[in-house]
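Student: There's a structure below that I have some questions on.
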Amino acid sequence: METAIEIAGLQTHYGSREILKNVCASIPRGKTTVILGGSGCGKSTLLKHLIGLLKPTKGQILINGSDITRMDEDEMNEVRKKMGVLFQGAALLNSLTLGDNVALPIREHTRLNESTIKIMVRMKLDQVGLSGFENFFPSQLSGGMKKRAGLARALALDPEMIFFDEPSAGLDPVTAAGLDELILKLRNVFRMTSIVVTHEIESVFKISDYVIMLDAGNVLYQGDLAGLKASDHPRIRMFLERQPEQETYSPDDYFKIIAGD
Amino acid sequence: MPSGPKPAASAPASASWPEAVLGALGRRVLSLRGDIHDAAKIINDTVHWTFISPFKGRPIRFRASISEMVKAGYNSVPIISVISLFVGIILALQAAYQLKRMGALIYVANLVGVSLTRELGPIMTAIIVSGRSGSAFAAEIGSMKAAEEVDALTTMGVNPVRYLVVPKLLALMIMVPALTIISDLVGIFGGFLLAVTALEIHPYNYFQQTVNALLIKDVFTGLLKAWAFGIVITLVGAYQGFKVTGGAEEVGRRTTASVVTSIFLVVIVDLFFTGLFYYFT
Ligand SMILES: Nc1ncnc2c1ncn2[C@@H]1O[C@H](COP(=O)(O)OP(=O)(O)OP(=O)(O)O)[C@@H](O)[C@H]1O
Ligand SMILES: [Mg+2]
């Protein structure tokens, strides 16, 4: 298994609050890796470090062998040309049409002429099932359409790896399944490395080749899907079987918490 | 409640009182240091992407700059004209009130012309532009920040300062002086209107008096100030916008803060320049 991203000893803080404690993981190339975990355990935070938006307190992130935590802006931009990111809320620029949104990275990083860019934009929009919507503004689209347009923009420069933050959050089951299909297609047809943050168990079973499960700032499990299903770690079982967290307070402790002592 | 532990509990409480004060002070200083760091970073990036990188083959977004100029400049012409006209009239009235008593009514022209070009034109323009454009910058960048659009730009390898701030800076560096010229002219015209009607000064005399009173220096220093105000307003709007981390409520708060801060800083910069010109020109 060839690794695309290697995370070593990653520790991060927001202010003085420690979020990730010591994350070590490797993400295989050409596969779909799912980052799992409960709400607030730091999945989005980890993703933001992988795409170089945040700098860790400690640790390394090696992408294709070079450490992005030590890169300056220009070097980082070279790496970013090979990455696409689909944000949780799609993050399309509201002042631009869909066509211009998708064209933005192409215009920024290539010297192609306008007619070529137009064709590329149409191709990308068609790939996500949005042909004919070039001249729509993001505010005129539904949530699912925005997500797909965000994906078209992420794919604009034919990246090697693509990051998804909760692709199916807030979508109806049919649209969510459609997005899963797209992710599968990217792997099967284009051999793309996908990194997907999600807590939709069904979608995990469908798309993942490799799973990294976070818990309280540490890696609880990493390996293939079969291993995850077979694991008998109580927290993993709870997650897979959708069980509620056990009551951990004694009645006295609970009284203290609500009384604020 | 048992009374036993009470003295024991109050001892650490009194010991932690100075600790709490120092702690609060320390947090204040730390957050101020963070603010200064953020502001310095935005200033540094803006200067770099406006004045240095265009010479290294990363051109400024020309079309966006034009559209910012239309939004910030062209669209404020009516409001600035109306306000300047009225201020010109008010100035002439106030000047006449004193000068009439000395039989020096013709000096209304000097007072109106000089105070408008040196001071009131630039500062009125800056205050209106702060309210119209500075707040719009903060709101635009802030809501983009809240919707992760700024992060999206960064991950596409598009520097957000270059993409968002530089066209606005360019627009205001050109449009605030241009609007100041309009404000000066319209304000002087307002004074003229009042003088030839209510004060019964002969139009030609008023005109001649104004031309004689105004030095190139007066107009030029006013425009230089206006240019600096444009920079201040853009930077404050951008700073407040990029500071947004939460949602819509914070965008609103930052927008208000941007207007208050930029008016405050405009006055400070004005004081600085006026002092400088007083001693060195
Ligand atoms: N900008 C921020 N400033 C301070 N704390 C933050 C910030 N963003 C996130 N956090 C904190 O970091 C922790 C991890 O947040 P993160 O968004 O990574 O969680 P997540 O695993 O993506 O959760 P979810 O599944 O709900 O999206 C949370 O407890 C949150 O309170
Ligand atoms: Mg998240």
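The values are calculated or read from the model by the stated rules, or taken from the named source; none is laboratory data. Because the structure is a prediction, the values reported are computed rather than measured. Cβ placement follows ideal geometry from the backbone for every residue including glycine, while neighbour counts extend to all protein chains displayed. Keep in mind that these areas ignore ligands, DNA and RNA; they rest on the heavy atoms of the full protein, side chains included. Shrake-Rupley method; radii C 1.70, N 1.55, O 1.52, S 1.80 Å.
Student: Taking the options B:Leu85, B:Leu116, B:Leu99, name whichever one is open to solvent by 30 Å² or more (accessible area, probe 1.4 Å) and within 26 Å of B:Val219 (Cα to Cα). Talk me through it step by step, then tell me what you get.
Tutor: Numbers: B:Leu116 fails: open to solvent by 30 Å² or more (accessible area, probe 1.4 Å); B:Leu99 fails: open to solvent by 30 Å² or more (accessible area, probe 1.4 Å).
The unique qualifying residue is B:Leu85.
Student: Using the structure shown, decide if A:Lys58 is under 27 Å from A:Lys21 (Cβ atoms), basic (Lys, Arg) and away from ligand 1 (no atom under 16 Å from the Cβ).
Tutor: Working: under 27 Å from A:Lys21 (Cβ atoms): yes; basic (Lys, Arg): yes; away from ligand 1 (no atom under 16 Å from the Cβ): yes.
So A:Lys58 fits the description; yes.
Student: Could you please let me know if A:Thr198 is away from ligand 1 (no atom under 16 Å from the Cβ), in contact with a helix residue (DSSP H, G or I) (Cβ under 8 Å, 6 or more places away or on another chain) and β-branched (Val, Ile, Thr)? Let's see the steps before the verdict.
Tutor: On the way: away from ligand 1 (no atom under 16 Å from the Cβ): no; in contact with a helix residue (DSSP H, G or I) (Cβ under 8 Å, 6 or more places away or on another chain): yes; β-branched (Val, Ile, Thr): yes.
No: the conditions fail for A:Thr198.
Student: Let me ask something else. B:Glu250 - would you say it is acidic (Asp, Glu) and touching a residue at least 60 places away in the same chain (Cβ under 8 Å)?
Tutor: So B:Glu250 fits the description; yes.
Student: Sticking with this structure for a sec: So A:Ile258 clears everything in (1) of a type outside the set (Lys, Arg); (2) at pLDDT below 85; (3) open to solvent by less than 70 Å² (accessible area, probe 1.4 Å); (4) more than 15 Å from A:Gly38 (Cα to Cα) except one condition, right? Which one?
Tutor: It fails just one condition, (3).
Student: When residues of the range B:261-281 are filtered for being free of Cβ contacts under 8 Å to residues at least 12 places away in the same chain and more than 20 Å from B:Met173 (Cα to Cα), how many remain?
Tutor: Filtering the range B:261-281 for residues free of Cβ contacts under 8 Å to residues at least 12 places away in the same chain gives B:264, B:268, B:271-272, B:275-276, B:278-280.
Narrowing the set further to residues that are more than 20 Å from B:Met173 (Cα to Cα) leaves B:275-276, B:278-280.
Residues flagged as free of Cβ contacts under 8 Å to residues at least 12 places away in the same chain and more than 20 Å from B:Met173 (Cα to Cα) within the range B:261-281 amount to 5.
Student: Among A:Asp180, A:Asp232, A:Asp158, A:Asp215, which is acidic (Asp, Glu) and buried (at least 20 other Cβ atoms within 10 Å of the Cβ)? Write out each step before concluding.
Tutor: Values: A:Asp232 fails: buried (at least 20 other Cβ atoms within 10 Å of the Cβ); A:Asp158 fails: buried (at least 20 other Cβ atoms within 10 Å of the Cβ); A:Asp215 fails: buried (at least 20 other Cβ atoms within 10 Å of the Cβ).
After ruling out the rest, the residue left standing is A:Asp180.
Student: Let me ask something else. Open to solvent by 70 Å² or more (accessible area, probe 1.4 Å) and aliphatic (A, V, I, L, M): does that describe B:Leu105?
Tutor: Numbers: open to solvent by 70 Å² or more (accessible area, probe 1.4 Å): no; aliphatic (A, V, I, L, M): yes.
Answer is no for this residue.
Student: Has the range A:37-52 got any residue that is more than 10 Å from chain B (Cβ to nearest Cβ), of a type in the set (Val, Ile, Thr) and touching an Asp or Glu at 6+ places or on another chain (Cβ under 7 Å)?
Tutor: The answer is no; no qualifying residue exists.
Student: Name the residue, out of A:Lys118, A:Lys124, that is at pLDDT 90 or above, surrounded by fewer than 18 Cβ atoms within 10 Å (Cβ to Cβ), more than 7 Å from chain B (Cβ to nearest Cβ) and within 24 Å of A:Phe137 (Cβ to Cβ). Give the steps one after another, and end with the answer.
Tutor: Working: A:Lys124 fails: surrounded by fewer than 18 Cβ atoms within 10 Å (Cβ to Cβ).
Just one listed residue meets the conditions, A:Lys118.
Student: Could you count how many residues in the range A:162-213 are assigned to a loop (DSSP other than H, G, I, E, B) and at pLDDT 85 or above?
Tutor: So in the range A:162-213, the residues assigned to a loop (DSSP other than H, G, I, E, B) come out as A:166-172, A:191-192, A:198-200, A:208-209.
Then keep just the ones that are at pLDDT 85 or above; that gives A:166-167, A:191-192, A:198, A:208-209.
Counting residues in the range A:162-213 that are assigned to a loop (DSSP other than H, G, I, E, B) and at pLDDT 85 or above gives 7.
Student: On to the next question. Would you call B:Met124 out of contact with any Cys (no Cβ under 7 Å at 6 or more places or on another chain), in a helix (DSSP H, G or I) and surrounded by fewer than 21 Cβ atoms within 10 Å (Cβ to Cβ)? Break it down stepwise before answering.
Tutor: Working: out of contact with any Cys (no Cβ under 7 Å at 6 or more places or on another chain): yes; in a helix (DSSP H, G or I): yes; surrounded by fewer than 21 Cβ atoms within 10 Å (Cβ to Cβ): yes.
Yes; evaluated as a whole, the condition is true for this residue.
Student: Hand me the list of strands (runs of 3 or more DSSP E) wholly inside the range A:1-100 holding 2 or more residues that are open to solvent by 20 Å² or more (accessible area, probe 1.4 Å) and either within 16 Å of ligand 2 (Cβ to nearest atom) or touching a residue at least 60 places away in the same chain (Cβ under 8 Å) (or both). Step through it out loud before you land on a result.
Tutor: On the way: elements: A:3-14, A:17-28, A:32-36, A:58-63, A:83-86.
Passing ranges, in order: A:17-28.
Student: Then there is this: Take A:Gln88 and decide whether it is touching a strand residue (DSSP E or B) at 6+ places or on another chain (Cβ under 9 Å) and within 9 Å of chain B (Cβ to nearest Cβ).
Tutor: Working: touching a strand residue (DSSP E or B) at 6+ places or on another chain (Cβ under 9 Å): yes; within 9 Å of chain B (Cβ to nearest Cβ): yes.
In short, yes.
Student: Another question, if that's okay. Restricting to the range A:13-45, name every residue that is near ligand 1 (Cβ under 9 Å from one of its atoms) and under 11 Å from A:Asn218 (Cα atoms).
Tutor: Across the range A:13-45, the qualifying residues are A:Ile19, A:Leu20, A:Gly37, A:Cys41, A:Gly42, A:Lys43.
Student: Residue under question is A:Phe163, and the condition is that it be under 24 Å from A:Arg80 (Cβ atoms) and either free of Cβ contacts under 8 Å to residues at least 60 places away in the same chain or surrounded by fewer than 18 Cβ atoms within 10 Å (Cβ to Cβ) (or both); does it hold?
Tutor: Values: under 24 Å from A:Arg80 (Cβ atoms): yes; either free of Cβ contacts under 8 Å to residues at least 60 places away in the same chain or surrounded by fewer than 18 Cβ atoms within 10 Å (Cβ to Cβ) (or both): no.
For A:Phe163, the condition - under 24 Å from A:Arg80 (Cβ atoms) and either free of Cβ contacts under 8 Å to residues at least 60 places away in the same chain or surrounded by fewer than 18 Cβ atoms within 10 Å (Cβ to Cβ) (or both) - is not met.
Student: Just need a number here: residues in the range A:158-183 that are hydroxyl-bearing (Ser, Thr, Tyr) and more than 16 Å from ligand 1 (Cβ to nearest atom).
Tutor: At the first step, the residues of the range A:158-183 found to be hydroxyl-bearing (Ser, Thr, Tyr) are A:168, A:175.
Then keep just the ones that are more than 16 Å from ligand 1 (Cβ to nearest atom); that gives A:175.
Count: 1.
Student: Let me ask another. Checking the structure you have, find out if any residue of the range B:141-151 is within 30 Å of B:Ile182 (Cβ to Cβ), crowded, with 21+ Cβ neighbours inside 10 Å and out of contact with any Ser or Thr (no Cβ under 8 Å at 6 or more places or on another chain).
Tutor: yes
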